[in-house]
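Structure record follows, encoded as structure tokens.
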Amino acid sequence: MATQSPFFGKRDRDTDSLTSRPAPLVGSGTNLSGTPVNPSSLTAQQGGLNAAAAAPVAKEGGSKLTVGPNIKLKGVEITDCDTLVVEGLVEATMDSRLMQIAEQGAFKGSAEIDIAEIRGVFDGSLTVREKLVIHSTGKVTGKIRYGKIVIEEGGQISGEISFGAAKPSLQAAA
């Protein structure tokens, strides 16, 4: 007589506690690896930010592309992507709502973004329509246009830098 494995068929609801927990969402109280973080509990030495430098919280629900560590994505045009999370290397052209570059991540190319949060390296042409946040480990080089900018102590920015990257619909109306 064979016994039924707990991995096949019906599962007991009481023993299925691992799958009943919702996964943490990146951008809503989590770091780039998905680990929950309470920003108010962090000190400045632990990477906490003051209210003026706090990174914007991403609204979940749109299309999202995550390029994981040790992944190289080259020679592409990224379209219809609401959120791009870069933990590896991306060489591309893109237009998106939110871009997050992790500490070990790098982006080379051209990007038009509403909100950019840089902890790694960006090299190329960057237009940030709303807010550019460069963390202490971030390095941004190239042609940079921004609406608002926050640079943590230690963050680096160099190249052709200019203010005034409003949304195209706002510029056309003016």
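Tabulated data
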{"item": "Residue list for region 113-128, restricted to those being assigned to a strand (DSSP E or B) and either within 14 Å of the chain's Cα centre (by Cα) or at pLDDT below 95 (or both)", "result": "ILE113, ASP114, ILE115, ALA116, GLU117, ILE118, VAL121, PHE122, VAL128"}
{"item": "Residue check for VAL26: buried (at least 17 other Cβ atoms within 10 Å of the Cβ) and modelled with pLDDT of 90 or more", "result": "no"}
{"item": "Index of the failed condition, GLN100 passing every other in (1) more than 13 Å from the chain's Cα centre (by Cα); (2) of a type outside the set (D, E, K, R); (3) in a strand (DSSP E or B)", "result": "(1)"}
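The values are calculated or read from the model by the stated rules, or taken from the named source; none is laboratory data. If you're wondering where the values come from, they're calculated on a predicted model, not measured in any experiment. Note that we place each Cβ from the backbone using ideal geometry, even for glycine, and neighbour counts take in every protein chain shown.
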